[in-house]
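Novice: Below you will find the structure I want to go over with you.
Every number here is computed from the coordinates shown, using simple stated rules; none is lab data. Predicted model only: the values in this text are computed from it and were never measured. Ideal geometry is used to build each Cβ from the backbone, glycine not excepted, and the neighbour counts take in all protein chains shown.
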Amino acid sequence: MPRFLVLALDAPLWAVAVVFAAGGCGAGFLNPILGAVSFERVPREMLGRVRSLSGALAWAGIPFGGLAAGAAVGAAGLGATLTGAGVAHGALVGVGGLRKEWAEMERGGGRRAEPPCATRPRSRYSSPASMSARHSRTARSRGSSSDA
């Protein structure tokens, strides 16, 4: 929201750079947290589908955003479009932040997807080290039987 508004207010370049740098640092801290929460909340067997669909929808919307912004600038002008985009962005983030799912992101609260491996008994070959030890024993036994 502040990035749109600082451009709409025709602020000096140094102010635009400061606002964009602060917004970039904020997004840099927030994106890994949201990614970790999605790994924690989405069931493991659905994770690929959920992440692929959300990424595909986000990338599919990019051209339409450019078309809508171009039409809005042509109709209302750059300042009004930037102000409207800033207000809309702030409203969407504010309303989204009031949802109960955000409160459930606390470590102790909310529903967590149970990982499938937590309910399955572990086999003796579940770690990579034990699997490689098993493989080397199998290879040695095959090699010794072929030498005989």
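Novice: Give me the pairs, please: first residue somewhere in region 67-90 and closer than 18 Å to D10 by Cα, second residue anywhere and surrounded by 14 or more Cβ atoms within 10 Å (Cβ to Cβ) and among the aromatic types (F, W, Y), beta-carbon distance under 6 Å, and either six or more positions apart or on two chains.
Specialist: L82/F4; A85/F4; G86/F4
Novice: Does region 8-17 include one or more residues that are hydrophobic (A, V, I, L, M, F, W, C), assigned to a helix (DSSP H, G or I), touching a Gly at 6+ places or on another chain (Cβ under 9 Å) and surrounded by 13 or more Cβ atoms within 10 Å (Cβ to Cβ)?
Specialist: Yes, that holds for at least one residue.
Novice: So which helices (runs of 4 or more DSSP H) stay within region 37-108 end to end and still have 3 or more residues that are over 18 Å from the mean Cα position of the chain (by Cα)?
Specialist: It comes to 47-76, 78-97.
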